[in-house]
1. Those residues that are loosely packed, with under 13 Cβ neighbours inside 10 Å and over 24 Å from Pro116 (Cβ atoms), I need them from region 55-82; list them, please.
2. Filtering region 102-117 down to residues that are more than 19 Å from Pro173 (Cβ to Cβ) and acidic (Asp, Glu), which residue is surrounded by the fewest Cβ atoms within 10 Å (Cβ to Cβ)?
3. If we keep just the residues of region 146-177 that are polar (S, T, N, Q) and within 18 Å of Arg86 (Cβ to Cβ), which is least open to solvent (accessible area, probe 1.4 Å)?
4. Here is a check on your reading of the model: is Gly141 within 24 Å of Val45 (Cβ to Cβ), in contact with a helix residue (DSSP H, G or I) (Cβ under 8 Å, 6 or more places away or on another chain) and either open to solvent by less than 40 Å² (accessible area, probe 1.4 Å) or without any contact (Cβ under 8 Å) to a residue 60 or more places away in the chain (or both)?
5. Here are Val85, Val124, Val128, Val99: which of them is of a type outside the set (Asp, Glu), open to solvent by 10 Å² or more (accessible area, probe 1.4 Å) and modelled with pLDDT of 95 or more?
6. Given (1) modelled with pLDDT of 95 or more; (2) of a type outside the set (A, V, I, L, M, F, W, C); (3) open to solvent by 60 Å² or more (accessible area, probe 1.4 Å), where does Ser94 come up short, assuming only one miss?
7. Can you find even one residue in region 71-82 that is at pLDDT below 90 and in a loop (DSSP other than H, G, I, E, B)?
8. Please specify each residue of region 82-96 satisfying the condition of being without any contact (Cβ under 8 Å) to a residue 40 or more places away in the chain and either more than 15 Å from Trp157 (Cα to Cα) or among the polar types (S, T, N, Q) (or both).
Amino acid sequence: MRTSAFTRVCTRLVLLVALTLAAVSAPQPSRLVAAGADTAGVPAVGRVWPVGARPRVLRGWDPPATPYGRGHRGVDLAAAPGAQVRAVAAGRVSFVGRVAGRGVVSLELDATGDPPLRTTYEPVHASVTKGTEVTAGEPLGTVEPAGSHCAPSCLHWGLRRADTYLNPLALLPPALLNRAPPRLLPVPGP
């Protein structure tokens, strides 16, 4: 009798731990875009992801504690070399060139205030030139085969307003960030 009570307690404990781990490790959009200063004043004007349909976030936004402190001033999105890089929203190309040996494209986004929001993509082999007006989803170039700071490859996507770095995921509306809700299926029975 004592053994069966012990077995029930252990089974419940294992189930509780498994459910807790599943809840903690499940990707949740609310964790992708943390509330606070990094999203304040950032309108959700994005219409597409910069690469792929819903790329995996390899490294998220990690703002530094001080202006020159350690952190990650953008997000790294899984992207193979040669993958098409698209404008997330309409705007004007404000910079095309190489920075620290990597191809960079910056885009000032339309209707995002004064100063406007500026999103940056790297490493990119650009197919646009400075001053080009682009619409959401329009190609900006392709992910360069070398120069990525990820292994094996990624697109670093950043966002700034003047000199302040912001979370670029805040540009995307919830419909692009959220995965489909879970569905309960009928359990086949006898």
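The values are calculated or read from the model by the stated rules, or taken from the named source; none is laboratory data. Fair warning: this is a prediction, and the values are worked out from it, not measured in the lab. Cβ coordinates were reconstructed from backbone atoms using ideal geometry, including for glycine residues, and neighbour counts include every protein chain displayed. Please note that ligands, DNA and RNA were not included when accessible areas were found on the heavy atoms of the full protein model with its side chains. Shrake-Rupley method; radii C 1.70, N 1.55, O 1.52, S 1.80 Å.
1. Selection gives Arg56, Ala65, Thr66, Tyr68, Gly69, Arg70, Gly82.
2. Here the residue is Asp114.
3. Per the stated criteria, the residue is Ser153.
4. no
5. Val128
6. Checking Ser94 against (1) modelled with pLDDT of 95 or more; (2) of a type outside the set (A, V, I, L, M, F, W, C); (3) open to solvent by 60 Å² or more (accessible area, probe 1.4 Å), the one that fails is (3).
7. There is at least one residue in region 71-82 that is at pLDDT below 90 and in a loop (DSSP other than H, G, I, E, B).
8. Once the filter is applied, which keeps residues that are without any contact (Cβ under 8 Å) to a residue 40 or more places away in the chain and either more than 15 Å from Trp157 (Cα to Cα) or among the polar types (S, T, N, Q) (or both), region 82-96 yields only Ser94.
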